[in-house]
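As structure tokens, the structure follows; a few thoughts come after it.
The values are calculated or read from the model by the stated rules, or taken from the named source; none is laboratory data. These numbers were taken from a predicted model, which means no experiment stands behind them. Here the Cβ is made from the backbone with ideal geometry for all residues, glycine too, and neighbour counts use every protein chain on show.
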Amino acid sequence: MIRVLLFLLCVPFASFAQELIPVEKGKADPKDPIVWYDLRLSEIEGQAWKDTKSLYDRFPARAEGKVPASVWGLSQHSAGLAARFVTDANSVRVRWSLTSDRLAMPHMPATGVSGVDLYVRSNADGRWHWAGVGQPAKKEGNTTAISMFPGKKECLLYLPLYNGTASVEIGLPKTATLSKGPPRAPQADKPILFYGTSITQGGCASRPGMVHTAILGRRLERPVLNFGFSGSGRMDEGVVALLAELDPAVYVIDCLPNMQEKEIAERTAPLVNALRKARPTTPILLVEDRTYANATVNKSLLKRNLSSRAAFQAEYAKLVEAKIPGLVYLKGDTLLGADGEDTVDGSHPTDLGFVRHADAFEKVLRELLPAAPKNGKSE
């Protein structure tokens, strides 16, 4: 099966029969050589529900009032949402509007908070290559143009991590074609679901494609569901109930950076039991908190790591003793490097930190996803 997937991924996209999106579906001005297409005409990934309050929310509208207010607000950020499409244009324009004029944060650039990020799959090697980032300058009407190699190719456009997305359009020359992204390879269409904190949401990646969840999606050739909520990933009952509705390839639970010992002891088993009841065979990967990059010189931070992990390990041991199947455990000291050079503030990874996160997760996830192709590494 692996060899079949590798073959399919290396076949140039020009050989795939894609259903074209008619030019009439776009917005055209006789004086403008560019046709603008609503992004929703393409293949949107990372959005688990369609009954959302706004176009690019992560939770359904019915979640309001059933999850903590902070989670509900953050669920309206478009973290993890991405669109796949195929075009033969040599340049892609993107026009997008945001829901907030807070374009950046003190420790995270506007390109990561509010920008869009484009990757293109090479027909030569079948791998994803970064093409360019859209730099936001205002709340509404941001535009960018990104040049690419000629010929038909698959594109992957990531939406903002820490802002809401009101609208997105793809601009192509009138002579260019546009179609939805090709179907995922067999046995690789189920998403990887991540539930966690600000780190999972993407703080503090320089651009949306550099959070570890996105990196892993490209490497493992899987859609990804990003349920990271800054400061609010606490295994809340309402959130867990929503996640139990879904049918992912694996649940990744990475909430410890937002939780204290008491919460960990109270909420770990209910979360696992709820997910296991809904999905008896879906693997559940329990992840320890990353080691603070400056824990070597700040003993209170080291104490926080050790106490959280001790509580989590105790709960994991109880679940194993109770013979709960399909549980896997990832230690936190593997997520960042020992050199202290991979965060912006000791806690939130830089791009280097996210690559190291992805490396650690990949080793475990490949064992849980045996169909994952081996040539998915991006450059």
| message | From the list Leu41, Leu8, exactly one residue is of a type in the set (A, V, I, L, M, F, W, C), at pLDDT below 95 and within 18 Å of Gly181 (Cα to Cα). Which is it? | response | Leu8
| remark: Residue hits (region 143-161; in a strand (DSSP E or B) and not charged (D, E, K, R)) are Thr143, Thr144, Ala145, Ile146, Ser147, Cys155, Leu156, Leu157, Tyr158
| request: Would you be able to tell me the number of residues in region 198-213 that are within 21 Å of Val250 (Cα to Cα) and surrounded by fewer than 24 Cβ atoms within 10 Å (Cβ to Cβ)? | output: 1
| request: Please find, among Ala188, Ala166, the residue that is outside any strand (DSSP E or B), within 21 Å of the chain's Cα centre (by Cα) and small (Gly, Ala, Ser). | output: Ala188
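Okay, residues lined up against (1) farther than 21 Å from Val35 by Cβ; (2) of a type in the set (A, V, I, L, M):
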residue	(1), (2)
Tyr119	yes, no
Trp128	yes, no
Thr144	no, no
Leu157	no, yes
| request: Please state which of the following conditions Val120 fails to meet, knowing it meets all the rest: (1) hydrophobic (A, V, I, L, M, F, W, C); (2) in a loop (DSSP other than H, G, I, E, B); (3) within 19 Å of the chain's Cα centre (by Cα). | output: (2)
| note | Filtering region 100-126 down to residues that are among the charged types (D, E, K, R) and at pLDDT 95 or above yields Asp101, Arg102, Asp117, Arg121
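Hey, does region 24-34 have a residue that's of a type outside the set (Phe, Trp, Tyr), assigned to a loop (DSSP other than H, G, I, E, B), in the same structural domain as Pro160 (by TED's automatic domain parsing) and buried (at least 18 other Cβ atoms within 10 Å of the Cβ)?
The answer is yes; a qualifying residue exists.
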| query | Is it fair to say Gly115 is touching a residue at least 60 places away in the same chain (Cβ under 8 Å), buried (at least 24 other Cβ atoms within 10 Å of the Cβ), in the same structural domain as Ile264 (by TED's automatic domain parsing) and small (Gly, Ala, Ser)? | reply | no
| remark: When (1) at pLDDT 95 or above; (2) on the phi > 0 side of the Ramachandran plot are applied to Ile146, the one that fails is (2)
| task | Would you please name the residue that is nearest to Ala145 (Cα to Cα), looking only at residues in region 61-99 that are out of contact with any helix residue (DSSP H, G or I) (no Cβ under 9 Å at 6 or more places or on another chain) and assigned to a strand (DSSP E or B)? | result | Arg93
| field | Among the residues listed as Asp254, Asp236, the single one being in contact with a Ser or Thr (Cβ under 6 Å, 6 or more places away or on another chain) and surrounded by 17 or more Cβ atoms within 10 Å (Cβ to Cβ) | value | Asp254
| message | Just to verify a result, which residue in region 27-76, among those that are among the acidic types (Asp, Glu) and touching a strand residue (DSSP E or B) at 6+ places or on another chain (Cβ under 7 Å), is farthest from Leu193 (Cα to Cα)? | response | Asp38
| query | Considering region 306-324 alone, what residues qualify as being in a loop (DSSP other than H, G, I, E, B) and surrounded by 13 or more Cβ atoms within 10 Å (Cβ to Cβ)? | reply | Ile324
